[in-house]
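**Student:** Questions regarding the structure given below will be posed in turn.
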Amino acid sequence: MANILIPGYLKWDGQKYIIDPLPVGPQGAPGPIGPAGPAGSGGSGATGPTGPTGRNAYSITTETFIQPEIFGTVTIVTESTAWMIEQLVIAIANAGVYQIQTIVDTTHVTLILLSDLISPGDTVPISTVVAPTGSPGEDGTNGTNGSSPRSSVEAFFSQPNVSSNVTVSVNITDWMVIGETVYLDIANCNYLIVSFTESSVVLTNLGYAASGDPVPPMTGIATGNIVPTGSRGPTGATGATGATGATGPAGAGTLLVQVTKAAYVQYGGVVSDAGDITAGVRFACVREGIELIGGQFYWQDGLGDATMKLWDVLGESLLATSDNVTNTLTGGSYGILTATFTPPVTLFPGNEYVISVRDNGFSWVKTVAGQIPNGTPIWGDGCFQPSVGLAQNNAIGGLGVIGTGDVYPDIEDSLNYIICVMPLVSATTLPAI
């Protein structure tokens with residue numbers, strides 16, 4: 001039999017010795033974890049079955065509905081309400097943002113309108129997407145107040161020519177943009193902003209306004225308001241040609257422009273001249289579109305053929321000589337002959353001219369009984385008028401001019417003159433009055 005040693009103390013219990021065990025000490029700390037054992041021999045388990053198809057988190061409307069007022073309610077019909085929960089915020093495309101109040105059944109839901117994209121009473125169509133969305137955010141803070149788009153003129157300036165620039169002193173420019181079109185009320189004119197500083201702006205005169213005419217260049221301007229305006233739009237398409245008007249009455253082939261005081265002088269009451277002179281009348285063109293086609297002059301049998309000449313007063317130069325005029329007067333008679341310029345001579349407004357004829361050395365008698373009395377016009381009075389495009393030169397009293405020989409007639413006289421030369425112009429070239 002093996003001996004078993006039990007630690008302890010021998011103790012007499014009155015009959016025999018017994019072993020009293022030693023007291024047990026506190027439990028020691030756990031030892032470190034040993035290394036992992038080798039993997040088991042079992043493999044991975046089989047793949048589980050496919051789960052059910054998930055529900056769409058959106059739907060589409062299957063009936064139209066009428067947009068309510070903000071915070072009003074509306075019940076709509078959709079394909080499904082299965083994904084919805086009450087209090088969820090949803091969006092309906094192109095209609096607004098709503099909150100689900102009550103899910104009525106699998107297709108009907110009652111909504112509260114939180115914000116709208118269309119007006120109350122408008123119809124939301126079928127097949128509109130309904131989907132969850134975030135709640136509307138809080139209102140943002142108010143933006144900074146903008147500046148007034150108007151500036152006041154602060155100093156005198158002169159209206160520039162069209163397409164020219166001017167610098168204008170103003171109270172503010174913070175609203176201005178380079179290239180912007182602006183309007184100045186006191187000038188009734190549109191301008192283009194070229195550049196600006198804090199207190200001035202450089203403007204180009206565009207030469208037009210929405211209505212009426214702008215003030216003319218060099219007009220002084222000391223006040224007024226400059227404001228933005230639109231630029232001029234493109235020119236519209238040409239309108240259709242109107243119907244042809246009724247044919248007017250036939251006009252005269254030529255217009256005789258008469259002269260009441262013209263080109264023949266009675267020297268001190270003497271009734272005939274001393275010999276070879278050129279007599280003419282000085283006149284001005286006062287309208288556009290005037291062509292000199294010829295002239296008329298008082299002539300007599302025996303003088304032979306003649307020509308008329310047109311002179312430029314400014315340069316005292318010859319502009320044109322008429323075709324030769326054959327003297328058809330016979331038997332010592334007097335009469336009026338007509339000269340023609342080929343081609344006609346265009347007259348220019350503001351220019352002065354002299355039309356003349358040379359008397360070929362004949363002594364013209366003007367006061368003989370039965371002939372033309374002193375001062376009586378051959379062609380009638382009042383003919384140099386703007387209405388026919390020509391005017392007498394009042395600077396020389398409307399008198400004629402003469403010269404000795406075949407020269408530019410530049411001698412003026414204050415004595416009485418009798419008509420003997422006048423120009424002819426084409427009636428068809430005269431503009432309407």
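The values are calculated or read from the model by the stated rules, or taken from the named source; none is laboratory data. Quick caveat: nothing in here was measured; it's all calculated off a predicted structure. Here the Cβ positions follow ideal geometry from the backbone for every residue, glycine too, while neighbour counts run over all protein chains shown. Areas reflect the complete protein model, heavy atoms only, side chains present, ligands, DNA and RNA absent. Shrake-Rupley method; radii C 1.70, N 1.55, O 1.52, S 1.80 Å.
**Student:** Stretched out fully, how many nm does the piece from residue 94 to residue 39 gain, at 0.36 nm a residue minus the Cα gap?
**Tutor:** 13.6 nm
**Student:** Okay, next question. Suppose R0 equals 45 Å; then what is the FRET efficiency for residue 103 and residue 141 from their Cβ-Cβ distance, rounded to the nearest 0.05? List each step's numbers first, then the result.
**Tutor:** Numbers: r = 37 Å, r/R0 = 0.82.
Between residue 103 and residue 141 the formula returns 0.75.
**Student:** Here is a further query. Could you tell me the extents of region 96-216's C-alpha atoms along the three principal axes, largest first, rounded to whole Å?
**Tutor:** 79, 32, 19
**Student:** Using a 7 Å offset from the Cα along the Cα-to-Cβ direction at both residue 198 and residue 210, what is the distance between the two label points in nm, to one decimal?
**Tutor:** A separation of 3.3 nm, rounded to one decimal place.
**Student:** As a test of reading the structure, rank 183, 408 by solvent-accessible area (1.4 Å probe, protein chains only), most first. Display every interim value, and only then the final one.
**Tutor:** On the way: 183 60, 408 30 Å².
Descending accessible area places them as 183, 408.
**Student:** How would region 170-237 be classified by its alpha-carbon gyration tensor: rounded, prolate or oblate, with rounded meaning a/c under 1.5 and the a/b versus b/c comparison settling the rest? Write down the numbers at each step before the final one.
**Tutor:** Numbers: a/c = 2.14, a/b = 1.27, b/c = 1.68.
It is oblate, given that a/c is not under 1.5 and a/b is not larger than b/c.
**Student:** On a full-extension model of 0.36 nm per residue, what is the gain between residue 163 and residue 232, subtracting their alpha-carbon distance, rounded to one decimal in nm? Don't skip to the answer; put the middle values down first.
**Tutor:** Values: separation 69, 0.36 × 69 = 24.84 nm, distance 1.46 nm.
Separation in residues times 0.36 nm, less the Cα-Cα distance, equals 23.4 nm.
**Student:** On to the next question. How much of residue 16 can a 1.4 Å solvent probe reach, expressed as accessible area in Å² and rounded to 10?
**Tutor:** 110 Å²
**Student:** Moving to a separate point now. Using a 7 Å offset from the Cα along the Cα-to-Cβ direction at both residue 75 and residue 152, what is the distance between the two label points in nm, to one decimal?
**Tutor:** Going from the residue 75 label point to the residue 152 one covers 6.5 nm.
**Student:** Where in region 93-115 is the amide nitrogen less than 18 Å from a point lying 7 Å along the Cα-to-Cβ axis of residue 63?
**Tutor:** From region 93-115, the list is 101-112.
**Student:** Mind ranking 55, 150, 282 by accessible surface for me, highest first, 1.4 Å probe?
**Tutor:** Working: 55 180, 150 125, 282 50 Å².
In descending accessible area the options line up as 55, 150, 282.
**Student:** What does the accessible area of residue 323 come to, in Å² to the nearest 10, when a probe of 1.4 Å is used?
**Tutor:** Taking all protein chains as shown, residue 323 has close to 60 Å².
**Student:** Rounding to the nearest 20 debye, state how big the charge dipole of region 60-154 is about its Cα centre with +1 on each Lys and Arg Cβ and -1 on each Asp and Glu Cβ. Intermediate values should be presented prior to the final figure.
**Tutor:** Details: 1 positive and 10 negative charges, 28 e Å.
Here region 60-154 has a charge dipole of around 140 debye.
**Student:** Between residue 330 and residue 186, 0.36 nm times their residue separation minus their Cα-Cα distance comes to what? It would help to have the intermediate numbers written out before the result.
**Tutor:** Values: separation 144, 0.36 × 144 = 51.84 nm, distance 7.38 nm.
Working it through step by step, the gained length comes to 44.5 nm.
**Student:** Right, here's the next one. If ligands, DNA and RNA are left out, what is the accessible area of residue 157 with a 1.4 Å probe, given in Å² to the nearest 10?
**Tutor:** Here the accessible area works out near 10 Å².
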